[in-house]
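Undergrad: Take a look at this one; I'll ask things after.
The values are calculated or read from the model by the stated rules, or taken from the named source; none is laboratory data. This one's a predicted model, so the numbers in the text were calculated from it and none came from an experiment. In this analysis, Cβ positions are derived from the backbone assuming ideal geometry, glycine residues included, and neighbour counts consider all displayed protein chains.
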């Protein structure tokens, strides 16, 4: 009997399947997930605080470029990266386009009149593609 939760991503790497299932189960059991966590990177209680803590790390201070997934759980990290003047690369949802990363910079967004709060969302970043797409 398998101790994994089947998703569209299941079956490619058994150890990852088990780990994902363990994390999803723990998020559900602790009530930390906002919504159903299974099958994606879930939103979670404390995401904003996690982004703030991340921004206190020396490696964050040294970083000039941040790569993020488009999932809502990472939205506070994307916003903080833009606020801190870092270049942000956000993957296009499910990597469905030939140029599958959106490149965002706060200074360029300001010149275009784009609000950082909007640009940090998965829809906002995706709407800015392909300019800067990589």
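Undergrad: Does residue 38 satisfy the condition of being over 14 Å from the mean Cα position of the chain (by Cα), surrounded by 12 or more Cβ atoms within 10 Å (Cβ to Cβ) and in the same structural domain as residue 27 (by TED's automatic domain parsing)?
TA: Yes.
Undergrad: Test of understanding: among 72, 80, which residue is under 13 Å from the mean Cα position of the chain (by Cα), at pLDDT 95 or above and surrounded by 15 or more Cβ atoms within 10 Å (Cβ to Cβ)?
TA: 80
Undergrad: Kindly indicate whether residue 125 is at pLDDT 70 or above and part of a helix (DSSP H, G or I).
TA: Yes.
Undergrad: Now for a separate question. Identify, by number, the condition in (1) modelled with pLDDT of 90 or more; (2) in contact with a strand residue (DSSP E or B) (Cβ under 9 Å, 6 or more places away or on another chain); (3) within 19 Å of residue 50 (Cβ to Cβ) that residue 106 doesn't meet.
TA: (3)
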